[in-house]
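Reviewing the structure listed below.
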Amino acid sequence: MVLIPAGSFQMGDHFNEGKDNEWPVHKVELNAFYMDVTEVTVGQFKKFVQQTGYGYGGDWNHVAKYSPGDDYPMIYVSWHDATAFAKWAGKRLPTGAEWVFAARGGLISRGYPWGDDETEARDYANFAGTGGKDEWDESTAPVGSLSPNGYGLYDMAGNVWEWCQDWYSGGKDFKVWRGGSWNFAADFLSVASRNNSRPDTRYYYRGFRCVSGLDEK
């Protein structure tokens with residue numbers, strides 16, 4: 001894990017280029033916290049299942065199709081699966097605000113984890129198609145394969161969408177996920193981009209990473 005410093009930022013699409021659910025822009029202040037450098041891997045999740053006997057309801061063959069090794073991001077995990085792993089690890093899922101602040105990597109008023117230049121995306125993100133350092137077209141990439149952001153975090157854009165702690169728009173039916181993925185287009189790589197689904201769903205393009213507060217570590 002790496003330390004993400006305390007700070008404040010304007011959360012949302014302040015470029016007026018995003019989707020309706022990226023509004024309104026609002027100021028958020030955060031205390032310092034720790035975040036996993038990479039997405040939780042298949043190997044880490046397997047260890048959790050083996051040590052706890054957790055009743056994982058997904059299909060390991062489906063996982064292996066798109067994440068074919070222990071150093072690839074764990075996919076086909078529900079929000080409940082991710083939360084159970086985080087609790088076992090002594091951590092938790094990030095809030096949406098924590099995720100966005102960390103994804104910015106210390107950059108202010110930038111659209112992506114690396115800056116504003118979308119042409120640099122292939123050096124930082126595994127998303128639909130290939131090019132640059134992104135050589136994975138039909139699967140996730142091993143975690144940490146591309147360049148990190150300013151905080152040393154890998155795959156904050158692309159590879160897999162990541163579950164967050166928050167309910168979507170204040171409701172109790174859907175949980176937020178952020179970051180884009182290996183099979184989504186570049187416009188989903190924005191730090192303001194977000195999506196949502198029911199917490200019991202599992203998909204081949206969604207995983208997670210964990211955080212902990214200074215008093216939680």
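Brief remarks on what is shown
- Entry note, the range 110-180: relative contact order of 24 percent, from Cα contacts under 8 Å with a spacing of 6+ residues.
- Take the Kirkwood radius over Cα pairs of the chain, plug it into Stokes-Einstein at 25 °C and 0.890 mPa s, and you get 144 µm²/s for translational diffusion.
- Projecting the Cα atoms of PRO113, PHE184, GLY57 onto the dipole axis of the chain, where Lys and Arg carry +1 and Asp and Glu carry -1 at the beta carbon, places GLY57 farthest toward the positive end.
- Mean-position separation - Cα centroids, the range 161-204 and the range 81-105, in angstrom: 13 Å
- Proximity of backbone amide H atoms, modeled 1.01 Å from N, is registered between LYS133 and ASP123 at under 5 Å, excluding neighbours fewer than 5 places apart on the same chain.
- The charge dipole of the chain, taken about the Cα centre with unit charges on the Cβ atoms of Lys, Arg (+1) and Asp, Glu (-1), comes to about 760 debye, rounded to the nearest 20.
- Residue separation of MET1 and ALA89 scaled by 0.36 nm, minus their Cα-Cα distance, works out to 30.5 nm of gained length.
- Considering helices alone, the calculated mean residue ellipticity of the chain at 222 nm is -5000 deg cm²/dmol, with DSSP H runs of length four and up weighted by -39500 (n - 2.57) and normalised per residue.
- Local electrostatic count, GLY144, Cβ distance below 10 Å [Lys/Arg +1, Asp/Glu -1]: -3
- Between the range 120-145 and the range 42-59, the C-alpha centres lie 26 angstrom from each other.
- Net charge contributed by nearby residues that have their C-beta within less than 10 Å of TYR124 (K/R +1, D/E -1): -2
- Of all stretches in the chain that contain no GluC sites (Glu not before Pro) in a DSSP loop with at most 14 other Cβ atoms within 10 Å, the longest one is 18-134.
- When the C-alpha to C-alpha distance is required to be over 18 Å, the pairs from LYS47/LYS91; LYS46/LYS172; LYS46/LYS87 that qualify are LYS46/LYS172.
Every number here is computed from the coordinates shown, using simple stated rules; none is lab data. Small disclaimer: the values here were computed from a predicted structure and weren't measured. Methodologically, a virtual Cβ is constructed for each residue, glycine included, from the backbone with ideal geometry; neighbour enumeration extends over all protein chains shown.
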